[in-house]
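A.B. asks: This is the structure, below, for whatever I ask next.
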Amino acid sequence: MGELLGFCVVANVRRETASGEGGLVIRRGLRHFSGGTKLWVLPPQWGDGGTDLLVAGRHRGRRGGYVRMVVPRRHMENFRVRGIYDPALMRVLTAPGAPGGEVRLWEGREEAEKVAAWWSTAVLPARTCGAEGYPHDLGGVSDPPPLELRKDGRVYYLAHFNASRAVYSLLPPPVEAPGPPSGR
């Protein structure tokens, strides 16, 4: 094994990703990366809290080296920290050309581990559906989201969710009337 060049957060592309209107288009992996592909994830570069991340990985349709591009964090899973030993990978990670100039690297293993642990907690943004007048932010919920959410003394009921968010309502779900007894 070669010389340790630094530490990086590593993640895998989700096997299934959701996109399109309402997150209803389900595909295997991403356009540029197959599901399960190992991605080397750089720290947030643009001040958006890491919603979209600059990553390096092996492209689905290309042989050989690494490519670098931006991937939404919601399409990644299994965040962990690994050492970088490959000089070719380090060149791709540090290559100029990121929006805004130079690329920021992880300061050390501790910073990378802290962020990887935070990103590993599956959190979906939650909000109300707006039937109560206007949409209201409810914070984050687990993935999959709970059917009932108690916040500020109110009970909210899950209306629908996808890979991007969970939407809650103050109205409980409809109850189906019992059907006629089966004659068997």
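A.B. asks: Considering Cα pairs under 8 angstrom that are at least six residues apart, work out the relative contact order of the chain and quote it in whole percent. Spell out each step's value before the answer.
C.D. replies: Numbers: 344 pairs, mean separation 34.0, N = 184.
Dividing the mean separation by the residue count of the chain yields 18 percent.
A.B. asks: A further question follows. Got a sec to turn the phi values of segment 141-151 into Karplus ³J(HN,Hα) couplings, 6.51 cos²θ - 1.76 cosθ + 1.60 with θ = phi - 60°, whole Hz, x for Gly and Pro?
C.D. replies: 10, 5, 10, x, x, x, 5, 10, 10, 9, 8
A.B. asks: For His136, His160, what's the largest-to-smallest order of accessible area, 1.4 Å probe? Intermediate results must be reported in sequence, preceding the final value.
C.D. replies: Numbers: His136 75, His160 100 Å².
The ordering from most to least exposed comes out as His160, His136.
A.B. asks: Which option, [x] 24, 21, 16; [y] 40, 20, 15; [z] 25, 18, 16, is the value of semi-axes √(5λ) of the Cα gyration tensor in Å that was calculated from these coordinates?
C.D. replies: Recomputing semi-axes √(5λ) of the Cα gyration tensor in Å here gives the entry labelled [y].
A.B. asks: Now, a different point. Amide H neighbours of Gly29 under 5 Å, counting only residues 5+ apart in sequence or on other chains, H built in-plane at 1.01 Å?
C.D. replies: The answer is Glu16, Thr17, Gly35.
A.B. asks: Oh, and also: With label points built 7 Å along Cα→Cβ from the Cα atoms of Arg31 and Arg91, find their separation and express it in nm.
C.D. replies: Inter-label distance under the simple model: 2.8 nm.
A.B. asks: If you don't mind, there's one more thing I want to ask. Which ³J(HN,Hα) values in Hz, rounded to whole numbers, follow from the phi angles of segment 38-46 under the Karplus curve 6.51 cos²θ - 1.76 cosθ + 1.60, where θ = phi - 60° and Gly and Pro get x?
C.D. replies: Taking θ as phi minus 60°, the curve returns 6, 10, 9, 9, 7, x, x, 9, 10 Hz for segment 38-46.
A.B. asks: Another question, then. Which Rg and Dmax, in Å, describe the Cα atoms of segment 59-119?
C.D. replies: Both quantities, over Cα of segment 59-119: 13.0, 34 Å.
A.B. asks: While we're on this one: Which order do Tyr85, Tyr66 take by accessible area at a 1.4 Å probe, largest first? Working shown, then result.
C.D. replies: Values: Tyr85 90, Tyr66 45 Å².
Greatest to least solvent exposure: Tyr85, Tyr66.
A.B. asks: For Ala126, list long-range residues whose amide hydrogen, built 1.01 Å from N in the peptide plane, is under 5 Å from its own amide hydrogen.
C.D. replies: Here the answer is Leu138, Gly139, Gly140, Val141, Ala166, since their amide H atoms fall under 5 Å of that of Ala126.
A.B. asks: Given R₀ = 45 Å, FRET efficiency for Asp143-Glu102 by Cβ-Cβ distance, to 0.05? The partial results should precede the final answer.
C.D. replies: On the way: r = 34 Å, r/R0 = 0.75.
Taking R0 as 45 Å, the efficiency between Asp143 and Glu102 is 0.85.
A.B. asks: How do Thr94, Thr17 stack up against each other in accessible area, from largest to smallest, with a 1.4 angstrom probe? Write out the running numbers ahead of the final one.
C.D. replies: Numbers: Thr94 65, Thr17 5 Å².
The ordering from most to least exposed comes out as Thr94, Thr17.
A.B. asks: Could you order the peptides 36-43, 67-74 from most to least packed, using the average number of other C-beta atoms within 10 Å per residue?
C.D. replies: Values: 36-43: 19.8, 67-74: 16.8.
Descending mean neighbour count gives 36-43, 67-74.
A.B. asks: Using a Förster distance of 30 angstrom, determine the FRET efficiency expected from the C-beta separation of Arg60 and Arg154, and round it to 0.05.
C.D. replies: Numbers: r = 45 Å, r/R0 = 1.52.
Once the sixth-power term is evaluated, E becomes 0.10.
A.B. asks: What 222 nm value per residue comes from the helices of the chain, counting each DSSP H run with n ≥ 4 as -39,500 (n - 2.57) and dividing by all residues, nearest 500 deg cm²/dmol? Intermediate results must be reported in sequence, preceding the final value.
C.D. replies: Details: 2 runs with 20 residues, N = 184.
Taking each H run of at least 4 residues, the total per residue is -3000 deg cm²/dmol.
A.B. asks: Related question: Given a 1.4 Å probe, how much area per residue of the chain is accessible, in Å²? Numbers along the way, then the final one.
C.D. replies: On the way: 11570 Å² over 184 residues.
Averaged over the residues of the chain, the accessible area is 63 Å².
A.B. asks: So what's the gap between the Cα centers of segment 164-184 and segment 25-43, to the nearest angstrom?
C.D. replies: 36
A.B. asks: Also, quick follow-up: Carbon-plus-sulfur fraction of the accessible area of the chain, 1.4 Å probe, in percent? Don't jump to the answer; show the numbers that get you there.
C.D. replies: On the way: 6070 of 11570 Å².
The nonpolar share, carbon plus sulfur, comes to 52 percent.
A.B. asks: Here's another thing I want to ask about it. In degrees from 0 to 90, rounded to the nearest 10, what is the angle of the helix 109-120 Cα long axis to the longest principal axis of the chain?
C.D. replies: Around 30 degrees separate the two axes.
A.B. asks: HN-Hα J couplings of segment 69-76 from phi, Karplus 6.51/-1.76/1.60, θ = phi - 60°, integer Hz, Gly and Pro as x?
C.D. replies: 7, 9, 10, x, 4, 5, 8, 10
The values are calculated or read from the model by the stated rules, or taken from the named source; none is laboratory data. Worth saying up front: this structure is predicted, and the values here are computed from it rather than measured. Note that each Cβ is placed from the backbone with ideal geometry, even for glycine, and that neighbours are counted across all protein chains shown. Just the protein is used for accessible areas: all its heavy atoms, side chains included, with ligands, DNA and RNA removed. Shrake-Rupley method; radii C 1.70, N 1.55, O 1.52, S 1.80 Å.
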